[in-house]
Each structure stands twice: as structure tokens, then as C-alpha cells.
Amino acid sequence: MHQIACHECDLIHTIPPMPESATARCVRCGALLLQSKADSINRTIAWTISGLILYAVAITFPFLAIKSGSIVQQTGLLSGIQQLFSQDIIPLAVLILLTCVLIPLMQMFGLLYVFVPLKLNIRVKFAINVFRLFQHVKPWSMMEIYMLGILIAMAKLGKMATIVPGLAVIAFGLLIFVLNFAITAVDSHMVWERLEGEP
Ligand SMILES: [Zn+2]
């Protein structure tokens, strides 16, 4: 049993375990309280594994190749961050490292750590803490902004040199969507119920 306050009229409701694809509405004002998601566990795991594959591609393959005359310079996500560090642009390097490299990876491992045991009906330590952390870092993933920055840089550099987008750019762009799908597939009410309901 969970207690939830209506976000429209603040009436407190006690919500029993909900079947899949069910909605709970406020008894006083009819506002939507909760919507349980169909097949949340399988969909979250599937999107997260796809995300990890894309992530591996985005990290290992070249992001951009810059051709100027006979000189070709390839940059990857990690080597780009390394260059920022070596040029003493440390706040930006740290920001990109956190938001584009570490947080997405933490999110994906966190989701698997919580959802795979739920799928297998086994209990793991710290699942509640991991899920709580996942919900806290959610707004801090800013890969979209980084992607936008790359597109702007490509457009600007394009006047001076030939820019060839690498495989990693495509993987990174897809990863933004896939990670979003994974996060939206998460039915947090169901997860809390399962995690807290276990003995
Ligand atoms: Zn209400």
C-alpha cells in the first residue's frame, strides 16, 4: 500500500497494488494520480541493453573526422574530453565527462541492477538505494545538450574544414532516444511496491 497526495487538490490516497496498464484517479477531483505501465520490466531491460550497446559504440568509435587538406584528425568522445583537460578547460571537461559518460553509464547499470533481479524474482542488496539514486540523477543527464553542441560545432567548422561524422555520433544520437525510452518504461510505483514489499 502506498500513500500519494493528489497534485491538484492534495487529497491523500492509499493506493493498492495496481494491475498492468491501470490508471488511478483522484476520487475528489479526478486528476490522474498514477498510471501503471504495461510490461515495464521487460521493456526497461530491453531498452537498457540496447542503450549499453550504443554506448559502447559511442565511446569506442571516432566521433568526428576533421579533414583539412591532407591532414585528417579524428576525435572520439573520450579523447575530446582529454583534449579539453589538456587545454585547461576543466569545468567543461568535467561537465561533459559527468553528463555524457558517467551518468548515462550509472543510469544504465542502475536500471539493470534493479530490473534484472525483479525479472528473475530474486532479491539483491541495495536495490532500494540504487533505485533512489537513479531517480535523483535522472534530470542530470544532458546528452541532448552535448549533441546540440556538436552539431553547432560541426556547422561552424564546416566552413574551414571537411567534417565527417563518425559512427559514434550516430550511436550517441540513438542512445539519447533509447535511454529516454528505457527511463519512460520504468514504472516507479511498481518498482517501489516490489522492492518494499519483499521480506
Ligand atoms: Zn484531487
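Per residue, region 1-127 exposes 59 Å² of accessible surface when a 1.4 Å probe is rolled over the protein heavy atoms with every protein chain present. Here the accessible area is traced with a 1.4 Å probe on the protein chains. For the chain, carbon and sulfur cover 67 percent of it.
Stretching the chain fully between ASN129 and SER79 yields a gain of 14.7 nm (0.36 nm per residue, less the alpha carbon separation). Among THR14, THR44, THR162, the residue with the largest mean-square fluctuation in a Gaussian network model of the chain, with springs joining Cα atoms closer than 10 Å, is THR14.
Bridging of LYS67 to lysines at a Cα separation below 20 Å is possible for LYS156, LYS159, once same-chain residues fewer than 8 apart are set aside. Distant-in-sequence amide contacts of GLN74, defined by a placed amide H-H separation under 5 Å and a gap of 5 or more residues or a different chain, comprise ILE66. Taking all protein chains together and a 1.4 Å probe, the residues TYR146, TYR55 rank TYR146, TYR55 from largest to smallest accessible area.
Summarising the label geometry, the points placed 7 Å from Cα in the beta-carbon direction at HIS136 and TYR113 lie 1.2 nm from one another. Only Lys, Arg, Asp and Glu carry charge here, each on its Cβ (+1 for the first two, -1 for the last two); on that basis region 73-199 has a dipole of about 120 debye about its Cα centre.
Here each label is just a point 7 Å from Cα along the line to Cβ, and for ASN42 and ILE71 those points are 5.4 nm apart.
Estimate the FRET efficiency between THR60 and MET160 by the formula 1/(1 + (r/R0)^6), using the beta-carbon distance for r and 22 Å for R0, to the nearest 0.05. Please report the intermediate quantities before stating the final value.
Working: r = 27 Å, r/R0 = 1.24.
According to the calculation, E is roughly 0.20.
Under the 0.36 nm per residue contour assumption, what length would be gained going from the current alpha-carbon distance of VAL27 and HIS2 to full extension? Before the final figure, lay out the partial values.
Working: separation 25, 0.36 × 25 = 9.00 nm, distance 1.56 nm.
Stretched fully, the VAL27-HIS2 segment lengthens by 7.4 nm.
For trypsin sites (Lys or Arg not before Pro), the sites in region 25-100 that DSSP calls loop and that have at most 14 other Cβ atoms within 10 Å are ARG28.
With contacts taken as Cα pairs under 8 Å at a separation of at least 6 residues, the chain carries a relative contact order of 30 percent.
In region 39-197, if the dipole is taken from +1 on Lys/Arg beta carbons and -1 on Asp/Glu beta carbons about the Cα centre, which of GLY76, MET142, ALA127 is farthest to the positive end? Final value for the positive-end residue is GLY76.
At q = 0.11, 0.20 Å⁻¹, what base-10 log of I(q)/I(0) does the Debye formula yield for region 39-197 when every alpha carbon is treated as an equal point scatterer in vacuo? Those come out to -0.50, -1.21, one per q. Each label was represented as a point 7 Å from its Cα along the Cα-to-Cβ direction; for CYS9 and PHE177 these points are 4.1 nm apart.
The values are calculated or read from the model by the stated rules, or taken from the named source; none is laboratory data. Owing to the predicted nature of the structure, the values given are computational and were not obtained by experimental measurement. Positions of Cβ are backbone-derived with ideal geometry, glycine not excepted, and every protein chain shown enters the neighbour counts. Just so you know, the surface numbers come from the protein's heavy atoms only, side chains and all, with ligands and any DNA or RNA stripped out. Shrake-Rupley method; radii C 1.70, N 1.55, O 1.52, S 1.80 Å.
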